[in-house]
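Heads up, the thing below is written out as structure tokens.
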């Protein structure tokens with residue numbers, strides 16, 4: 001299990017950030033008004049995405065047409081301080097919004113971020129974030145990557161301490177001459193504290209990812225975690241806090257050393273969050289873990305955790321979100337029966353999943369103009385050769401190609417396995433397997449149950465080895481029953 005590096009690859013202001021609310025009572029109606037002008041516009045509208053859905057990557061979308069001179073006005077519901085993404089064409093900028101804000105935003109579409117100009121109610125908070133971004137997120141000296149990650153422990157911690165000290169001085173100086181809400185103070189402080197904690201926590205893993213040798217850590221390296229306030233007031237709104245919680249509970253789950261990490265990982269996360277978090281932070285993280293469990297965990301575990309969640313969590317916003325996730329992904333969870341299908345093969349035959357009863361099946365989905373799919377096609381022959389001794393049936397579904405062109409492509413590339421055809425994105429098999437992006441790969445056991453809903457790609461360096469290991473693990477487990 002590896003730690004993600006979202007904090008290292010994205011910024012605090014100008015990236016897709018998620019807002020997590022603090023409870024249903026706080027989500028009463030309020031409004032914020034955003035006016036502005038976009039010079040050299042590339043489309044006829046502007047969109048504001050408010051991230052008000054707890055534990056979700058989706059939010060409320062508000063779109064308005066630009067006037068002839070590029071001006072616009074948006075009035076949106078803002079229940080409490082939250083982040084919103086102002087989008088025009090391919091560009092976007094994040095805004096910190098509070099009830100009652102009347103913010104004027106002016107940008108040039110040809111240089112979206114650098115040309116940003118703000119004024120009005122809400123200017124002070126957003127100006128701080130812009131200045132913080134430019135000083136600490138864009139200057140390489142303050143970044144973990146590309147060079148600071150290769151420092152040994154003593155110098156790496158010195159780098160983190162000096163960065164945090166500079167950030168605290170920056171915030172302190174700003175607050176002396178600017179009046180902001182207590183909510184924003186908490187947000188700004190969380191950005192500093194949890195960026196430090198997250199970068200320190202992920203030091204070893206990120207270093208490995210970029211090819212560095214694992215550093216020798218002192219016995220007390222992780223003692224700082226005892227001082228971190230996991231339930232920091234006001235931190236829920238901050239992406240750095242969310243990144244830290246994700247990585248922290250992954251770290252804690254590995255410390256628990258569950259007997260079967262693959263099987264017990266999500267239940268272990270769920271248990272730890274219940275033990276160590278409280279209030280909305282707990283509800284938010286439980287919601288995220290359940291959403292992941294529905295996608296990648298074992299169905300019996302997901303069902304049990306979902307029942308417990310319904311008893312433990314009273315906030316209707318989280319309950320509604322998790323219920324929608326459960327209904328969406330429950331049918332393709334690990335341990336469920338793989339959906340039956342019958343499709344035309346490249347040989348012109350009708351082929352059904354039932355034709356491979358009592359066999360291990362590797363099922364993939366490709367689509368025309370998918371670059372990664374093309375990479376996987378190039379690796380497919382070698383992938384098949386590596387798995388030849390495992391007795392796995394390779395089934396590949398291609399979506400949306402011209403039928404004759406598709407057949408010719410299969411023949412020309414001499415791709416092994418069974419190749420099936422789905423005419424377009426409305427094909428029932430895509431709905432049954434909840435395929436929304438390409439490529440997608442599944443591993444189906446001989447008894448017809450799904451044992452991996454996010455299987456390794458053929459083009460992945462460890463693809464064949466990981467699939468072989470999964471097959472061996474399944475067979476060994478079945479033999480012990």
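The values are calculated or read from the model by the stated rules, or taken from the named source; none is laboratory data. Small disclaimer: the values here were computed from a predicted structure and weren't measured. Ideal geometry is used to build each Cβ from the backbone, glycine not excepted, and the neighbour counts take in all protein chains shown.
Considering (1) over 20 Å from the mean Cα position of the chain (by Cα); (2) surrounded by 20 or more Cβ atoms within 10 Å (Cβ to Cβ); (3) closer than 22 Å to residue 199 by Cα, say which one residue 277 fails and leave the rest.
(2)
Mind checking which residues of segment 194-213 are surrounded by 22 or more Cβ atoms within 10 Å (Cβ to Cβ) and assigned to a loop (DSSP other than H, G, I, E, B)?
Within segment 194-213, just 202 meets the criteria.
Residue check: is residue 316 under 23 Å from residue 451 (Cα atoms) and either surrounded by 16 or more Cβ atoms within 10 Å (Cβ to Cβ) or touching a helix residue (DSSP H, G or I) at 6+ places or on another chain (Cβ under 9 Å) (or both)?
When the stated conditions are applied, residue 316 does not pass them.
I'd like the full set of residues that are in a loop (DSSP other than H, G, I, E, B), under 20 Å from the mean Cα position of the chain (by Cα) and surrounded by fewer than 18 Cβ atoms within 10 Å (Cβ to Cβ), limited to segment 56-89.
Once the filter is applied, which keeps residues that are in a loop (DSSP other than H, G, I, E, B), under 20 Å from the mean Cα position of the chain (by Cα) and surrounded by fewer than 18 Cβ atoms within 10 Å (Cβ to Cβ), segment 56-89 yields 57, 58.
Test of understanding: among 172, 182, which residue is at pLDDT below 95, within 30 Å of residue 80 (Cα to Cα) and surrounded by fewer than 17 Cβ atoms within 10 Å (Cβ to Cβ)?
Exactly one of 172, 182 is at pLDDT below 95, within 30 Å of residue 80 (Cα to Cα) and surrounded by fewer than 17 Cβ atoms within 10 Å (Cβ to Cβ), namely 182.
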